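In what follows, a structure is listed as structure tokens, so that the remarks can point back to it.
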Amino acid sequence: MARPIATGTRPNTALPAQHLRHIPTLHSRYWLILLLLIAAALRFYALDGSSLWSDEGNTWALVQRSFAQIARDAAADIHPPGYYWLLKLWAALFGSSAAALRAFSALAGLLLVMVIYAIGRRIDALTRNRAAIALTAAWLAAINPFQLYYSQEARMYLLLALAGAGLFWALLLWIEREAAGQPVTAPAAWFVVCGALGLWTHYSFPILLSAAGLAYLWHWRALLRRQQQPTRAITRYILANLAVILAFAPWLPTAINRVLHWPQGGDATSLADGLLLSLRTLTFGPLRDLPSPLWPWLLVAAALPLLGIIALARYPQGIALAPWLLAPISLMFGLGLFSDAFLKFLLTASPAWVLLCAAAPLLLPRPRWGNALVAIGGITLAASVLPSYYTSPTVRDNYAGVAAYVKAVGDPASDLVLLNAPGQGDVWSYYAPDLPVIGLPQSRPPDPAATLAHLEEAVQDRRHVFALFWATDEADPDRIVESWLDQHAFRGLESWQGNLRFVVYTLPNQMSCTDLAPPIAFGEAIRLLAQCQPDLPQRIPAGQVALLGLQWQTQEPLTQKYKVTVQLLDTRNQVIAQHDAAPAGGSLPTNTWQPNTPITDNHGLPIPFGTPPGLYQLIVALYNDESGARLPTPAGDSYALGEVEVVRPDRALPLDVLDIPHRLDAQLGPVTLVGYDAYKKGHSFAPETPLQAGDLVHFTLYWQAPDPLPAEWPADLGFTINVGDQSLSTLLAGGDYPTAMWQSGELVRGEFDLLFDGSSDRPTLEVNGNHAKLRPLPR
């Protein structure tokens, strides 16, 4: 017979299950349905709006294989096969397109919101429903950028978070019923199911089983103190965990082997930096376009869960949320996983984080007012970051945009695609541009001799190499491939597409060199001996690359590092295109030059998309790498190398791959302002340089003509831009290329300068009475 509860012991905080049915109207099913509809809309909206990236490409490739082959491939990978098996069943019903594969994660994300709501209801019942924790937590989860991001990714991390949330929901129900002396068969069964699902989904799941064990031990202490059958209780819990392990037993030897060969984590991280990174990830996920200043958001993100832990400290069920939140963070510190590749492991802590944030208002005299403020804060945060998430083509590595570009400009007979990391092959196969592909380096660590031999053979008789550099520090840490291309080809377009760096190289076929007699002096010691170009003048379509080979020589040893700038100027001396680099792509800095030894220095000058057709002047200059001061030449601080003729491209190019810093897609009368760039003149390399009164602001405006052109299309459409008391009115692309010369759907850019007087930092732009506000300028 059980002993009575001793006087002075902590009261039993369990509540009868029927109490949960007395939920106020705020928690009614109508509010829940509305919340779930919003959560579903955010998760299923534009599922294929961003590109698959390399890991998702691996997912797509795996689901094309048999269940047995998936298991064999997973045995050599760092993930168990459970997610892939489930996704293969899903794909059999819904297909294996990007949207279909991501829909599985979107559904898991929606179910996660429901489980968070269910856990919140139990906490509401414990606290006599003083605060709307269930609804607030579910709302925060519904609009949380971290959860949304991985609800739209064809990987296993949202399923992992769902398994973890299901595990803790079962645990809290188990604790509640056990404390009340009720049967625990159902929650124990759910505990086993969720535990097994988690182990089959990811090798990090044992950390959540450990956190659940700590939470149960805290509850068991109370059972022991009250002599409420503690031996029977702990035996049941141990048996449930053994059942979880038994369900995973067929894969356990493989799992142990793979965990022992776990990939190396990130760099050593201090406690403060790790906590800040954890808070930023839990709040914003991997999104890059974040509100400024960031610190108020991080302060709130840290304070709310701490206050939530304090508010729930008297409830064993509430205490369980603390290890749930802290265990994944501890794993990150313990294994040194604070790098971009592993921050997604924190997703398993996200449900606990939103629940604790929702519980913080319990400390207020009027908790529901606090819940409303927390919910409004969540809306404000989501509104600040989600629009760019849904519209940016580079929110994930933009293989789709790169593939569209390669399809538009590449020639299978003369061009080549180069992938530098093994994981890229599957996603590139998904988008399947019809060009030959080579993967280099072919081994880790790379074999330099074999790599260079393969590269030299592959590029023979090729015109362009489209290089996709990803995870270069692991794939090619010594830059074997990139260094060879920099010295033997011309680097042209270079664009970051998420974490993917896309570079177009042009091979120097049929270049003719002209000796400069006498050589052109740059400063006292450096001489330009010759220039090499394919034609004089070069005739280059906008979006392609002008090629320039330079031969330098120094008459004496140099201690200073100089950079070469090659620029294309229009009739107003506006810089239309520019390429700055140390000689030979950085492999031959000037302080290593030997006297009287010729130095070959190749430059690919990308002609920006939308550059108006016409003749432009090509110049070269050398400048001090530290001060920016140019070396003098007989003609001033630069030397003119002739003209380049820019022509209209034969085919329209995809806009997604264009590096337009601020995209607008604003319809201004008959023309679209696709986007713009704005910075202190001469500081394109540092666009956030603060402006002072009297500085010039340089604007690059990207316009697109309608397709088809309307019958009343104007011949000389212009615009007005205002900053403070200063304004400029001119034609859209300047007087050299009026709209009468534009073609249907053509992208055209214009370059303009405007004085900054300091009276306002918010530019406004007007076309035919239609207005657009641009972002505030840095000041």
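The values are calculated or read from the model by the stated rules, or taken from the named source; none is laboratory data. What you are looking at is a predicted structure, and each value in this text was computed from that prediction instead of being measured. Please note: Cβ atoms are built from the backbone with ideal geometry, for glycine as well, and neighbour counts cover all protein chains shown. The area values use the complete protein model at the heavy-atom level, side chains included, leaving out ligands, DNA and RNA. Shrake-Rupley method; radii C 1.70, N 1.55, O 1.52, S 1.80 Å.
The table that follows gives values for the structure above.
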quantity: Accessible area per residue in Å² at 1.4 Å probe, computed on segment 686-779; calculated: 46 Å²
quantity: Coil-residue chymotrypsin sites (Phe, Trp or Tyr not before Pro) of segment 638-726, DSSP, other Cβ within 10 Å capped at 10; calculated: Phe685
quantity: Projected label distance in nm at Gln667 and Gln442, using a 7 Å step from Cα toward the beta-carbon; calculated: 5.4 nm
quantity: Dimensions (Å) - segment 500-565, Cα atoms, principal axes, largest first; calculated: 38, 34, 18
quantity: Near-label residues of segment 603-633 by backbone N, under 17 Å of a point 7 Å along Cα→Cβ of Asn573; calculated: 616-622, 630-633
quantity: Other-chain or far-sequence residues with amide H under 5 Å of Leu717's (modelled H); calculated: Thr739, Ala740
quantity: Within-14-Å neighbourhood charge of Trp713 [Cβ basis; K, R +1; D, E -1]; calculated: -4
quantity: Cys residues of the chain counted as unpaired, since no other Cys beta-carbon is under 4.7 Å; calculated: Cys194, Cys357
quantity: Chain lengthening between Lys561 and Leu364 when straightened (0.36 nm per residue, less Cα-Cα); calculated: 64.7 nm
quantity: Calculated FRET efficiency for the pair Ala303/Asp625, C-beta based, R₀ 35 Å, to 0.05; calculated: 0.20
quantity: Pair Arg225, Ser414: separation of 7 Å Cα→Cβ label points (nm); calculated: 8.2 nm
quantity: Integer Hz, Karplus 6.51/-1.76/1.60 couplings in order for segment 602-611, x for Gly and Pro; calculated: 9, 10, x, 9, x, 7, x, 4, x, 4
quantity: Convex hull volume per residue for segment 306-357, taking Cα atoms only, in Å³; calculated: 71 Å³
quantity: Computed label-point distance, nm, for sites Asp48 and Ala313 using a 7 Å Cα→Cβ extension; calculated: 5.3 nm
quantity: Compactness index (Cα Rg / 2.2 N^0.38 Å), the chain; calculated: 1.12
quantity: Set of segment 670-687 residues, backbone N closer than 14 Å to the point 7 Å along the Cα-Cβ line of Arg779; calculated: 680
quantity: As computed over segment 515-605, the Cα convex hull volume per residue (Å³); calculated: 117 Å³
quantity: Residues Ser66 and Ala432, FRET efficiency given R0 of 22 Å [Cβ-Cβ distance, rounded to 0.05]; calculated: 0.50
quantity: Cross-link partners of Lys773 among aspartates and glutamates (Cα-Cα below 16 Å; sequence separation of 8 or more within a chain); calculated: Asp665, Asp677, Asp725, Asp761
quantity: Segment 312-345 versus segment 392-417: alpha-carbon centroid distance in Å; calculated: 39 Å
quantity: Accessible surface, segment 35-190, averaged per residue in Å² (probe 1.4 Å); calculated: 30 Å²
quantity: Sum of -39500 (n - 2.57) over DSSP H runs of 4+, divided by residues of the chain (222 nm, nearest 500); calculated: -13000 deg cm²/dmol
quantity: Kyte-Doolittle mean at least 0.5, axial Cα span of 20 Å or more - DSSP H helices of the chain; calculated: 29-44, 98-126, 157-179, 185-201, 206-226, 230-248, 295-311, 321-335, 367-391
quantity: 22 Å tail of the calculated P(r), segment 616-764, as % of Cα pairs; calculated: 53 percent
quantity: Anisotropy class of segment 274-352 from Cα gyration tensor, a/c 1.5 cut; calculated: oblate
quantity: Net lengthening on full extension, Cys532/Ser759 (0.36 nm per residue, minus Cα-Cα); calculated: 76.9 nm
quantity: As computed over segment 267-402, the Cα convex hull volume per residue (Å³); calculated: 123 Å³
quantity: Cα shape, segment 421-542, gyration tensor, a/c 1.5 rule; calculated: prolate
quantity: Calculated from backbone phi, Karplus (6.51, -1.76, 1.60) coupling profile of segment 573-586 in Hz, x at Gly/Pro; calculated: 6, 6, 6, 8, 8, 8, 9, 10, 6, 5, x, 6, x, x
quantity: With every protein chain in place, the chain: carbon and sulfur % of accessible area (1.4 Å); calculated: 58 percent
quantity: Simple Cβ-charge dipole of segment 119-197, Lys/Arg +1 and Asp/Glu -1, about Cα centre, in debye nearest 20; calculated: 160 debye
